[in-house]
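Just below is one structure, and these are the notes that go with it.
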């Protein structure tokens, strides 16, 4: 039918007039606000003739008279008053829509779900994301899970990204993500050494570094079911001084519960260094005399995930330097503070 069209995705036919030029509507609203074509032309930084042409084209397109011109300026007809009222609302909504579309496109509006392994320090995410959500319209959802479930959530698109600890690397032990992470992008976003956490009045706290070989306390561990990557680090560290094999007397499925066992003097525990920022009175951490592989935290995501919020999050965490999170008291002798531990 002449003057009408049908959308490819919608059966609703819209009037041809809805194709009106937005600029023409802005010009009409300026005239309606100023009550004068000449004053509206000055406000729009244009000359009067092209403004008059736009107004005439708009009236012709709509098939109605919008303005009554007289010596003192213009007056709106009934149709003009309706267009002015609805037009202002449309332009306001259009401006809001444009701002929202741009925000979604640049990743400052939307949602982001991050699955986080049980052993990953809660202090890590704020340092990595570095104001990703501050002042933005982003709904963040953090889910704490065992490592295998972190990977599964990312695979199933129930989380856009995951954070977990990788198993130790070294001779005969190449760095790798869990086997279930195949098909996902994996990148190391933080490195930190192991520390031992002891009761605050433990004799070993008198020394700058703790020697695992002489600590005969009961051992507290994190269950591999909760964090397989970190559990492998702790096992490898204890095996350096205990060839007979690792022996845990107590085991917990969360870092906080494990720390509560240490405070209760049930034993001592090896944990990533960032946990030292979470310790409460009654607990003390010491760096190790023995050399152990650094604990690496990795981010995982689907390579086909096109969420702008995720891309912004990844740019932040992948550009974040990996500082010596322990500070001077915990550095190894000769350690350069500008280098990764």
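The values are calculated or read from the model by the stated rules, or taken from the named source; none is laboratory data. Quick caveat: nothing in here was measured; it's all calculated off a predicted structure. Positions of Cβ are backbone-derived with ideal geometry, glycine not excepted, and every protein chain shown enters the neighbour counts.
Observations, loosely collected:
- For the range 271-285, a residue qualifies if it is at pLDDT below 95 and farther than 17 Å from residue 220 by Cα, and the qualifying residues are 274, 277, 278.
- Residues that are part of a helix (DSSP H, G or I) and either at pLDDT 90 or above or on the phi < 0 side of the Ramachandran plot (or both) do occur in the range 286-308.
- Which listed residue is closer than 16 Å to residue 262 by Cα, surrounded by fewer than 21 Cβ atoms within 10 Å (Cβ to Cβ), assigned by TED's automatic domain parsing to the domain that holds residue 165 and touching a strand residue (DSSP E or B) at 6+ places or on another chain (Cβ under 9 Å), from 232, 204: 204
- Matching option when the condition is under 28 Å from residue 143 (Cβ atoms), modelled with pLDDT under 95 and in a loop (DSSP other than H, G, I, E, B), among 244, 232, 225: 225
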